[in-house]
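All of the numbers you see were taken from the coordinates with simple rules; none came from a lab. Treat the numbers as computed from the prediction; the structure is a model and nothing was measured. We place every Cβ from the backbone using ideal geometry, glycine too, and count neighbours over all the protein chains shown.
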């Protein structure tokens, strides 16, 4: 038993020489002074020894335990002083009299700012703001808007379909390709007079370039009342353009075709990059289309339960992402969806 105590002492002294940090010291303490250590087991077994051996082994084990506890305390002090010295060196490398660093404050993304500004402009003109589901039924995305299954306009909206089949075994749900689907729901659920704008994300399965993306933002609007005319539509969109871009920016309306309006028009704004001279962004035309609009087709009103003989309506859809591009001269829509803080901090 004496030899066992001596072996414990020798091993402890050798291992202590390898201790360089607090974690290693704690491991050493558990191994040699812990409740399950060999030395503790020896001390617990003394009672089973003969009276003569009990005296000898007890004295030796007590001496070794006291020695190891002293070594532990000395090592703790040594490591503590090393840590204090290291901390002091770090503190000496800083001038604590210097002012603190100003924390960076986050801000809204440029697209969020644009959406809120657009909502405020149309809100001041009497429009409510309404949102709708992004996963939409085929009926509201196409059929309710005068785009049946065989209509060629579907070819212009490559679609992300959801793997959900209707009772006929046909795909009936998709990521909506335009927020006009929310207009269809609005016409169906509200009674005239109606003035609503509907912002949201839309999805189209198409290649990305400087002016297109597979996911982008739109805001659609619809107004339904008695004696609404094309003049009301043009006045509303002109007023929006004046407030958002200022009075110096050119605005152009041209005839265009959309299945859910008749007649239909395209609204374009003078390119902010080339000032109408022609560039990559505007495809050398000097203009960038930002909205499709027109007088709501009578069939769309009738499907929503509104009598087109009593009420008339105009509708429009604006590509939100292109608005800050035109205002600030941004030449690539993909910059809006990047994470380059040098770009984002400008707004």
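Some observations on this one:
- Classified by the C-alpha gyration tensor, region 276-332 has a prolate form. Its axis ratio a/c, with a ≥ b ≥ c, is 1.5 or above, and a/b is larger than b/c.
- Peptide ranges 303-309, 48-54 listed from the most packed, as the mean C-beta count within 10 angstrom indicates: 303-309, 48-54
- By average C-beta atoms within 10 angstrom, highest first, the peptides 328-335, 293-300: 293-300, 328-335
- Sequence ranges 264-274, 140-150, 165-175, 63-73, ranked by mean other-Cβ count within 10 angstrom, highest first: 264-274, 140-150, 63-73, 165-175
- In the chain, helices alone account for a calculated mean residue ellipticity at 222 nm of -12500 deg cm²/dmol, with every DSSP H run of four or more residues adding -39,500 (n - 2.57).
- Rounded if a/c under 1.5, otherwise prolate or oblate - region 110-344, Cα gyration tensor axes: oblate
- Helix 2-16 axis, angle to the chain major axis (alpha carbon atoms, nearest 10°): 40 degrees
- Rounded, prolate or oblate (a/c below 1.5 giving rounded, otherwise prolate when a/b exceeds b/c) for region 99-204 by Cα gyration tensor: oblate
- Length-normalised contact order of region 204-265 in % [C-alpha pairs under 8 Å, at least 6 apart]: 14 percent
- Relative contact order of region 2-92, taken over Cα pairs closer than 8 Å and 6 or more residues apart, is 32 percent.
- Contact order, relative form, for region 110-344: 21 percent (alpha carbon pairs under 8 Å, 6 or more residues apart, mean separation divided by residue count).
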